[in-house]
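To start, the structure itself, in structure tokens.
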Amino acid sequence: MSKVLLVHAKGGPPLGHVLSRTAARADVHLLALSALPPVVADSARRLCASVVTPDDAQRRDLVSLIVSRARAVGADAVLTFSEYAVVAVAEACRALGLAGPGGAAALARDKRLMRRTWREHRLPQPEFRSVATEADLYEAAAVLPFPLLLKAAWSAGSTAHQVIRSPYEVSAAWRRSRDVMAESAQLGYAELHVAEAQGHFVVEQIVTGTASHWFDEPGWGDYVSVEGVVADGTFHPVCLSGRMPTVEPFTERAGITPAPLSPDAQERVVALAREAVDALGLRDCGTHTEIKLGADGRMWLIETAARFGGAMTVPQIEDVFGLDLVGMLVDHLLGRPVDWPQQALGPAQARGAAGSLVVLAVDGHGRAWRERRVWDFPVVRADVPLSRGSELSVVAESSLADGGVVPVYDPAGGANTMAALCLLSATDPRTVLRDFETLVDALPKVLPAARPEEVSV
């Protein structure tokens with residue numbers, strides 16, 4: 001049987017989902033750069049031919065570590081689903097002569113390089129400047145129109161995002177973003193291969209999105225993502241996912257598959273995603289491209305990743321369209337034929353809809369909960385009224401255990417302050433959206449109040 005070295009780090013689809021689908025295609029050897037989620041540890045040992053957790057000394061040269069381990073197990077393919085390990089795995093695949101994202105992987109990871117590449121190809125995106133020092137940020141603020149968005153170039157999950165509304169906010173935003181990146185690194189949410197990545201930033205103009213010009217009903221966010229794959233250098237779009245509005249500044253709350261766009265609108269969005277992916281020159285990998293939607297058909301590229309979307313995007317696609325993207329990518333990397341969709345799938349091909357909700361301690365208007373609450377999924381399932389036929393579950397490996405105190409939402413921390421991840425299946429995208437709105441409104445009311453002794457000072 002073929003052998004696959006799976007490099008695990010934080011982020012990406014749930015490890016349990018990835019492992020089961022990969023193990024169905026090949027013998028899996030797991031290289032764990034992050035601790036295994038406790039709820040997955042037993043199944044990982046059962047499903048994998050080996051599980052190795054390297055020490056700090058071995059991690060210093062991550063590419064060499066991956067290459068060495070791949071050779072030791074005789075791996076026929078090496079892959080990762082984590083944003084933070086994409087570049088290292090791509091370089092290891094090149095050294096091993098195996099299929100992978102290719103030498104352009106960094107272009108889909110470093111937002112500075114990504115935006116420069118798109119600018120060279122004259123693709124629509126916000127105006128931007130690369131930033132390495134506070135002085136750079138002041139220079140950028142002098143030429144870009146306010147408000148501005150400061151981003152860490154190698155971050156994910158909206159971590160370290162800071163909105164700057166005037167020159168007086170520049171210094172504070174710079175300090176806060178750097179502090180958050182340092183904190184995220186301690187939690188394991190940081191680039192694993194580029195040592196100096198924490199010091200790289202980009203600042204960009206905030207463009208005005210308009211969901212009402214794209215969706216027939218209110219409540220949708222003003223951006224979508226195009227999920228796809230690049231196989232032998234050819235981009236294959238799979239489907240689109242819609243969003244609820246973000247939580248300030250731009251933290252994602254929910255993704256919903258499929259996005260209920262008209263066929264013409266979907267075609268135009270996919271065409272831009274194709275241009276974005278083609279410009280980056282990727283070879284063999286999943287892709288996740290986010291696009292801001294504006295008035296009168298305007299669009300702006302937000303970012304493209306050389307991996308599948310995180311949270312429950314991949315399981316949602318399997319639920320709605322019957323496509324096991326993990327297994328299909330494994331087959332492709334192993335040289336087996338794969339029947340990729342001929343065009344992006346939409347509502348007409350969907351079997352219902354599915355969505356994932358990040359539980360944050362903010363209400364539907366983005367306001368912080370008045371009281372600290374304790375996460376308790378059985379209470380949520382029992383007390384929140386959902387639509388007929390809707391099914392709600394919790395992703396245990398991405399959630400607090402029942403009884404854990406819900407963190408206070410930190411706008412700069414983004415998804416780092418999430419309490420749980422929920423998955424909902426329903427009859428159509430609109431029902432998923434409405435049920436999520438109900439859920440968001442109900443959570444601060446139905447979850448038990450935290451006792452003073454449970455809340456850390």
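Throughout, read-outs are computed from the coordinates displayed, never taken from laboratory work. The model shown is predicted, which means the values in this text are computed figures rather than measured ones. Glycine gets a Cβ as well: all are built from the backbone with ideal geometry, and neighbour counts include every protein chain shown.
Students often forget the sequence filter, so: which lysines lie under 22 Å Cα-Cα from LYS111 once same-chain residues fewer than 8 apart are removed?
LYS10, LYS151, LYS292
Given contacts defined as C-alpha pairs under 8 Å and at least six residues apart, what's the relative contact order of the chain, whole-number percent? List each step's numbers first, then the result.
Numbers: 1005 pairs, mean separation 71.3, N = 457.
Relative contact order of the chain: 16 percent.
Would you mind ranking HIS288, HIS121 by Cβ crowding within 10 Å, fewest neighbours first?
Details: HIS288 24, HIS121 11.
Listing HIS288, HIS121 from fewest to most nearby Cβ atoms yields HIS121, HIS288.
Search the structure for amide H atoms under 5 Å from the amide H of GLY404, placed 1.01 Å from N in the peptide plane, and list their residues when 5 or more places away or on another chain.
The list, which skips near neighbours in sequence, is TRP375.
To the nearest µm²/s, what D does Stokes-Einstein give for the stretch 352-457 at 10 °C and 1.306 mPa s, using the Kirkwood radius over alpha carbon pairs as Rh? Write down the numbers at each step before the final one.
Numbers: Rh = 14.1 Å.
Using the Kirkwood radius from Cα pairs, D works out to 113 µm²/s.
Determine the shape class of the stretch 284-412: with a ≥ b ≥ c the square roots of the Cα gyration tensor eigenvalues, call it rounded for a/c under 1.5, and otherwise prolate if a/b is greater than b/c, oblate otherwise. Spell out each step's value before the answer.
Values: a/c = 1.89, a/b = 1.56, b/c = 1.21.
Cα axes put the stretch 284-412 in the prolate bin.
Given ALA401, SER43, SER225, which one lies farthest toward the positive end of the charge dipole of the chain, if we put +1 on the Cβ of every Lys and Arg and -1 on the Cβ of every Asp and Glu?
Checked the options; the winner is SER43.
Where does the Debye-calculated log10 I(q)/I(0) of the stretch 3-98 sit at q = 0.11, 0.17 Å⁻¹, using only Cα point scatterers of equal weight, no solvent?
-0.26, -0.66
Quick one: what are the phi-derived ³J(HN,Hα) couplings along the stretch 241-254, Karplus 6.51/-1.76/1.60 with θ = phi - 60°, whole Hz, x for glycine and proline?
Karplus-based 3J(HN,Hα) across the stretch 241-254 equals 10, x, 9, 7, x, 6, 9, 3, x, 8, 7, 6, 9, 7 Hz.
Taking LYS3 as the anchor, which aspartates and glutamates have their alpha carbon closer than 16 Å to its alpha carbon, excluding any fewer than eight residues away along the same chain?
ASP27, ASP76, ASP331
Starting with the fewest neighbours, write out SER34, SER2, SER166, SER212 ranked by other beta-carbon atoms found within 10 Å of each beta-carbon.
Numbers: SER34 19, SER2 16, SER166 10, SER212 13.
Listing SER34, SER2, SER166, SER212 from fewest to most nearby Cβ atoms yields SER166, SER212, SER2, SER34.
Once you charge only the Cβ atoms, +1 for Lys and Arg and -1 for Asp and Glu, what is the size of the charge dipole of the chain about its Cα centre, to the nearest 20 debye? Write out the running numbers ahead of the final one.
Numbers: 44 positive and 54 negative charges, 94 e Å.
Here the size comes out at about 440 debye.
Along each of its three principal axes, how wide is the spread of alpha-carbon positions in the chain, in whole angstrom units, largest first?
For the chain, the Cα spread along each principal axis is 55, 53, 51 Å.
Give the order of VAL143, VAL226, VAL51 when sorted by the count of other beta carbons within 10 angstrom, beginning with the fewest.
Working: VAL143 8, VAL226 28, VAL51 17.
Ranked by crowding around the Cβ, least crowded first: VAL143, VAL51, VAL226.
Which of the aspartates and glutamates could a cross-linker bridge to LYS445, judged by Cα under 18 Å and excluding same-chain residues fewer than eight apart?
ASP363, GLU371, ASP376, ASP383, ASP402, ASP435, GLU437
Kindly provide the helix-only [θ] at 222 nm of the chain, computed as the sum of -39,500 (n - 2.57) over DSSP H runs of four or more divided by all residues, to the nearest 500 deg cm²/dmol?
Values: 13 runs with 145 residues, N = 457.
After summing the helix terms and dividing by residue count, I get -9500 deg cm²/dmol.
With θ set to phi - 60° and the Karplus curve 6.51 cos²θ - 1.76 cosθ + 1.60, what are the ³J(HN,Hα) couplings of the stretch 265-279 in order, to the nearest whole Hz, using x for Gly and Pro?
So the J values, rounded to whole Hz, are 5, 4, 4, 5, 5, 4, 4, 5, 4, 4, 4, 5, 5, 4, 4.
May I ask for the net charge around ARG430, where only other residues with Cβ less than 12 Å from the Cβ of ARG430 are counted and Lys, Arg are +1 while Asp, Glu are -1? Before the final figure, lay out the partial values.
Working: positive: ARG434; negative: ASP216, GLU217, ASP428, ASP435, GLU437.
After counting each charged neighbour, the total is -4.
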